[in-house]
Amino acid sequence: MKLSSSLSSFRDAFLLMLWGIFLLWLSWKGQLTIYLHPSLQPYTTASGVLLLILALFVFRDAFLRSGDHHVCCHDHSHENGHDHHPVHEDHHHDGEKPSAALLLFKTILLLLPLGMIVTGQGTAFTMTTVLNRGVVDDLRKLPSANVSEAPTLAETAPSSSSGPMPVQIIDMLYAIQMPSYREEFEGKEVELTGQVVPMTTGNPKGDRFQVIRMFITCCAADAKPVGVTVQYPKPLKVPEMSWVKIIGKPTFPMEGGRHTAVLEASAVEPCEAPSEPFVY
């Protein structure tokens, strides 16, 4: 079974329109931060507008093709006063048409990313992903993280009148490389949110685990897990890759010939995933 070129064009226009509307919806809802670095978000919004414009042109072309096909068949049927029914002749106007199965496969392929985003799978990383990519605990392994341009702790974690100071994992990794940055952590109680990853090595007493966040340079596809070690004397009763809120004091001991970050936790509690799961 072959499909006409006009039907294929209508399908292309529909997909362009769907993607354009979806990108603009993500931008309007402020959800682009879940998938893209902030510097790329304005370009993505502009791309949504361009996709809608392209969809209008493709719709117009499809309507014109549909009209031309009708006129063409009408002329064939009345040529020289005779009724003709050219079953195959009109199939050669635009060359070979894609089969229905191939067109359906391409359509599903283009709709699959939308389905993953709608169902929340677009940013769902498993333990297998973390193991395959490896937990980064050294900023020198992240070319996009410039230590010389690191913000001060006061800029990244606004102080509050009471309670632990909220910080990010990336802040502690900056502190490993910068002595002046480490001094800002001394004697302070902090609050850290991340996902639990068990430690299979470097954990002789069984009282350590890693807490990670996904660091993105461009988009969710290039996300790398960055993490620090958490030392917690009590049994940890949360599943791996679950989100937890940790309260404790940062330390930066020498281990393996270099400074490392270890958060000595006083409390570990399950929590909801943050609205922006990535760090930049």
Multiply the residue gap between Cys218 and Met178 by 0.36 nm, knock off their C-alpha separation, and tell me the result in nm, one decimal place.
11.9 nm
As an exercise, use a Förster radius of 22 Å and the Cβ-Cβ distance of Thr107 and Ile21 to find the FRET efficiency, rounded to the nearest 0.05.
0.85
Gain in length, Leu50 to His259, computed as 0.36 nm per residue apart minus the alpha-carbon separation, to one decimal in nm?
70.3 nm
What is the spin-label model distance, in nm, from Asp207 to Tyr43 if the labels are put 7 Å beyond Cα along the C-beta direction?
4.9
To the nearest 0.05, the calculated FRET efficiency linking Arg133 and Lys249 through their beta-carbon distance, R0 being 30 Å, is 0.55
Rg (Å, one decimal) plus Dmax (Å, integer) for the alpha carbons of region 200-280?
13.7, 38
Mean separation of Cα contacts under 8 Å (6+ apart) over length of region 127-279, as relative contact order %:
24
Within region 226-271, trypsin sites (Lys or Arg not before Pro) in DSSP loop having at most 14 other beta-carbon neighbours inside 10 Å:
Lys237
Sorted by average packing, counted as other Cβ atoms within 10 angstrom per residue and highest first, what order do 17-28, 269-280 take?
17-28, 269-280
Only residues of region 240-255 count here: report those whose backbone N is under 11 Å from the spot 7 Å along Cα→Cβ of Glu269, or say none.
245-247
Any idea what log10 I(q)/I(0) is at q = 0.08, 0.13 Å⁻¹ for region 127-279, Debye with uniform C-alpha scatterers and no solvent?
-0.20, -0.56
Can you tell me which of 210-217, 49-56 comes out highest on packing, and rank the rest after it, using the mean Cβ neighbours within 10 Å?
210-217, 49-56
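What is the sum of charges around Gly194, taking Lys and Arg as +1, Asp and Glu as -1, for the other residues whose C-beta is under 15 Å from the C-beta of Gly194?
Values: positive: Arg208, Arg213, Lys224, Lys245; negative: Asp137, Asp171, Glu191, Glu240, Glu269, Glu272, Glu276.
Taking every other residue near Gly194 into account, the sum is -3.
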Which order do peptides 226-235, 194-203 fall in by mean Cβ count within 10 Å, highest first?
226-235, 194-203
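Coordinate-derived values only; no laboratory data. From a predicted model like this one, the values you see are computed outputs, not experimental measurements. Positions of Cβ are generated from backbone atoms using ideal geometry, with glycine treated the same way; all protein chains shown enter the neighbour counts.
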